[in-house]
1. Do we have residue 159 as part of a helix (DSSP H, G or I), more than 30 Å from residue 28 (Cβ to Cβ) and of a type in the set (S, T, N, Q) here?
2. Is there a residue being within 28 Å of residue 128 (Cα to Cα), in a helix (DSSP H, G or I) and either more than 16 Å from ligand 2 (Cβ to nearest atom) or not aromatic (Phe, Trp, Tyr) (or both) anywhere in the range 232-246?
3. Being over 38 Å from the mean Cα position of the chain (by Cα) and among the β-branched types (Val, Ile, Thr) is the requirement here; does residue 242 meet it?
4. Being in contact (Cβ under 8 Å) with a residue 40 or more places away in the chain and assigned to a helix (DSSP H, G or I) is the filter; apply it to the range 250-265 and report the residue that is nearest to ligand 1 (Cβ to nearest atom).
5. Being without any contact (Cβ under 8 Å) to a residue 60 or more places away in the chain, of a type in the set (Val, Ile, Thr) and buried (at least 18 other Cβ atoms within 10 Å of the Cβ) is the filter here; which residues of the range 70-128 pass it?
6. Filter the range 260-275 down to residues that are touching a helix residue (DSSP H, G or I) at 6+ places or on another chain (Cβ under 6 Å) and away from ligand 2 (no atom under 16 Å from the Cβ) and give me whichever is farthest from residue 303 (Cα to Cα).
7. Can you pull out the helices (runs of 4 or more DSSP H) entirely within the range 266-357 that have at least 1 residues that are away from ligand 1 (no atom under 16 Å from the Cβ), among the β-branched types (Val, Ile, Thr) and surrounded by fewer than 18 Cβ atoms within 10 Å (Cβ to Cβ)?
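The values are calculated or read from the model by the stated rules, or taken from the named source; none is laboratory data. Because the structure is predicted, anything quoted here is derived from the model rather than measured. Glycine also receives a Cβ, built like all others from the backbone with ideal geometry; neighbour counts cover every protein chain displayed.
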Amino acid sequence: MANKNENLQPEKFRDSLGTVNKEGGRNWVYPKKVSGKFYQWRTYFSWLLLGILFAGPFIQVNGRPWLLFNIFERKFIIFGAVFWPQDTYLLIFLLLIFVVFIILFTVVFGRVFCGWACPQTLFMEMVFRKIEYWIEGDANQQRKLNAMPWNGEKVRKKTLKMSIFILISLLISHTVMAYLIGIDQVKEIVMQPPTENLAGFLGLIAFTGIFLFVFSWFREQACIVVCPYGRLQGVMLDNQSINVSYDYVRGEPRGPIRKNKQEDQALGDCIDCTLCVQVCPTGIDIRNGVQMECVNCTACMDACDEVMEKVERPKGLIRYASENSIQKGTSKLITGRVKAYSAILLLLISGFVGLLSTRTDLGATVTRFRGMTYQEREGDKISNLYELTLINKTFEQQEVDLVPEDPTITLERVGDTDWNLEGQTKFEGRFFLVKAQADMQVPQESIVLLLQQNGETIDEIETNFMGPVKK
Ligand code: SF4
Ligand code: SF4
């Protein structure tokens with residue numbers, strides 16, 4: 001979205017990243033400590049979200065996890081509902097709903113998610129940054145510390161900071177792992193020697209390393225160069241979207257307060273103190289307009305409000321506002337785009353609810369045994385061998401049976417003949433279908449098996465039966 005302020009410099013700032021210098025190296029950002037009402041609210045909100053995040057793996061409903069994203073076994077539990085690999089279509093629906101919701105939310109409220117709820121911002125600004133301020137001091141003290149030689153003070157502060165960062169990274173990696181494999185498995189990995197659970201142990205080390213790297217060094221680069229959501233802002237936002245915005249109509253022409261009243265009256269409200277730039281964790285100047293790097297963290301809003309209070313001018317020179325509300329003084333939340341996305345979202349939710357309500361508690365797959373056609377048996381009979389996969393998606397034991405619809409066909413279980421499934425288990429077995437050869441009309445015919453759960457038919461499975469036709 002271009003800045004419509006004619007007084008501003010041509011948009012040269014968009015040609016480069018504020019965090020990358022001319023040689024392509026890193027411009028380290030030292031954001032100044034911020035305080036203010038938005039920062040306060042964000043702090044409280046982050047406590048709530050971090051509390052939920054860390055408590056999540058411990059929450060169990062009826063002895064099972066409330067949330068589990070086991071990508072290795074492709075088993076997901078979302079708010080207590082279990083999704084197996086056979087439910088992938090439901091997960092795709094859920095993912096689509098999430099994506100459309102995010103788009104809709106972004107079209108209306110811009111990147112408010114980034115500033116208030118994104119785990120990257122939460123951990124960076126509300127955990128790691130606060131620890132850094134506590135140990136190394138505000139921006140200028142950090143600059144000084146980094147510039148000084150490795151003396152006792154620097155070694156002590158850096159060691160303390162990195163030790164705490166490593167501990168927190170360990171905590172985050174164990175939590176993430178608990179969401180992936182369950183809290184009980186994580187406990188096992190922690191209690192046993194690394195050799196007993198080498199893959200899990202290495203996974204924890206890798207996650208810890210990644211988090212430590214991201215929060216101690218990579219930082220705002222994750223939002224600027226890696227995050228796909230951030231990079232999609234250009235297509236999602238429009239002039240009606242609400243963003244952290246600088247009111248250039250009120251603020252320009254900017255300039256310091258003058259003693260000469262007449263000169264001062266010719267200026268806008270921005271006193272060009274650059275505090276909004278100094279507090280920005282992504283190193284940008286919001287007065288240049290909405291930029292991809294802005295994570296809507298509200299730091300510049302707080303900083304500017306404080307300045308406005310001091311110079312006795314109205315707060316909100318930088319505020320949540322749409323481009324149209326600043327430029328024309330009008331704002332409209334329900335636009336054509338919002339209506340269209342809402343309709344798609346509604347359709348997807350209806351489809352998901354429909355599919356969820358018709359989902360069976362029992363998943364069954366029947367396939368012919370590979371590389372085998374038929375067997376001739378005594379008594380002029382033909383048999384075919386099949387493989388059966390059963391998944392009990394419920395948490396209760398289920399008694400399962402397969403009954404051929406055609407009563408002249410008999411089913412013989414092979415190997416493990418106990419088809420009683422414990423809750424949340426998968427069973428793989430085999431069975432024969434046996435038929436009189438005299439009944440074969442064609443070399444390959446379609447037959448129907450009735451899937452029964454606790455004596456009740458819940459589904460029909462179609463497969464085929466092969467055999468020679470008697471001439
Ligand atoms: S903090 Fe406010 S007054 Fe100071 S430069 Fe930024 S916009 Fe202008
Ligand atoms: S411009 Fe303001 S809201 Fe955007 S990242 Fe910088 S400080 Fe945060």
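1. Judged against the criteria, residue 159 is not a match.
2. Yes, because at least one residue in the range 232-246 is within 28 Å of residue 128 (Cα to Cα), in a helix (DSSP H, G or I) and either more than 16 Å from ligand 2 (Cβ to nearest atom) or not aromatic (Phe, Trp, Tyr) (or both).
3. So residue 242 fails the test.
4. 251
5. If the condition is that a residue be without any contact (Cβ under 8 Å) to a residue 60 or more places away in the chain, of a type in the set (Val, Ile, Thr) and buried (at least 18 other Cβ atoms within 10 Å of the Cβ), then 77 is the only one that fits.
6. 268
7. Correct list: 336-357.
Matching residues to (1) part of a strand (DSSP E or B); (2) closer than 27 Å to residue 74 by Cβ:
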residue	(1), (2)
379	no, no
387	yes, yes
390	yes, yes
407	no, no
442	no, no
446	yes, no
451	yes, yes
